[in-house]
Amino acid sequence: MPSVRELLGFGESDGVNNLVILNGYPLAVVVAISLHILLLGGLVYLQSNSQSQALELIQPTVIKALLIEENPQVANQRAQENRRLEAKRRETERANAAAQKKREEQAAEKKRQEEAAKKREEQRIAQQRADAQALAEREKAQAERDRELAEARQAKQREEQAQRDREAQQRKEREEAQNAAAAEAASSEFELVQSATGLIQQLVTDNWSRPPSARNGMRAVIQIKMLPTGELVDVRITQSSGDPAFDRSAENAVYRAAPLAELTALPIRVFNQNFRTLSLIFQPEDLLN
């Protein structure tokens, strides 16, 4: 006689699953077991009191059909499959939501990067414009400075040329005056000596550039020795002013005035007596201080 476990379709290897099924459906299991016990009792009773043919007509298929329809294992598997499908659906929804969120984040990041790139480009263009404007202003300022320098150089050149013209005119006037004075003084030896001395003094004075340290009351005496041609042989300070710069300026004035060509017009006697050795006095008495 088949056992209750065999009638229910359970094998020895299904022990663990059976516990799960029993735990999952307690009422259905109890009802099913009770029904099978009743059916089994009826079969036993009918087998002992009726013919075997009648028992065969009642036994297998109807009971199998009922067991298949009410098999909790199938229902459990169906429920598990439904839960698996539901979990898969939820997982798919979560994956789709995550993918959508990621796409939105990527789109937001792309937009942020585009805005940042646009801002950087605007800043770059603004900086280029500022640099170009600054460069133009520097070039304009440089051009203005160059123009001012050119005008200053031209003005200086004009002034220098005017100064040279004035000096040339003054030299010409002095030469004319010296020549006139020499001609007038030639009437007498005294006048001739005085005239030559004055010319020499004038030439030296014209070439004398007094230093800033020159003051009224200074006095330097320089002795010069000359040849009849007016060339210098020796220049010596016989009385110092006490200011080396002042003494040096007097010496330089004598050297710049040489050769004293005016002496060539003098008779040799007059030259030897009066001009072979000559002392010149330098004193800035015309200064304001």
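Annotations
- Flag for Glu175 being surrounded by 11 or more Cβ atoms within 10 Å (Cβ to Cβ) and closer than 27 Å to Pro267 by Cβ: yes
- When region 237-253 is limited to residues that are surrounded by 13 or more Cβ atoms within 10 Å (Cβ to Cβ) and of a type outside the set (Gly, Ala, Ser), the one that is farthest from the chain's Cα centre (by Cα) turns out to be Gln239.
- Within the option set Gln142, Gln178, Gln133, Gln157, being part of a helix (DSSP H, G or I) and in contact with a helix residue (DSSP H, G or I) (Cβ under 6 Å, 6 or more places away or on another chain) holds for one residue only, Gln178.
- Qualifying positions in region 227-236 - in a strand (DSSP E or B) and of a type in the set (A, V, I, L, M, F, W, C): Leu232, Val233, Val235
- Residue match in region 205-226 (condition: out of contact with any strand residue (DSSP E or B) (no Cβ under 7 Å at 6 or more places or on another chain), not in a loop (DSSP other than H, G, I, E, B) and not β-branched (Val, Ile, Thr)): yes
- Entry remark, region 258-289: residues being in a helix (DSSP H, G or I), touching a strand residue (DSSP E or B) at 6+ places or on another chain (Cβ under 9 Å) and modelled with pLDDT of 85 or more number 1 in total.
- Subset of region 237-250 that is part of a loop (DSSP other than H, G, I, E, B) and in contact with a helix residue (DSSP H, G or I) (Cβ under 7 Å, 6 or more places away or on another chain) - its residue that is farthest from Pro284 (Cα to Cα): Ser240
The values are calculated or read from the model by the stated rules, or taken from the named source; none is laboratory data. Quick caveat: nothing in here was measured; it's all calculated off a predicted structure. Heads up, the Cβs are rebuilt from the backbone with ideal geometry, glycines too, and the neighbour counts pull from every protein chain shown.
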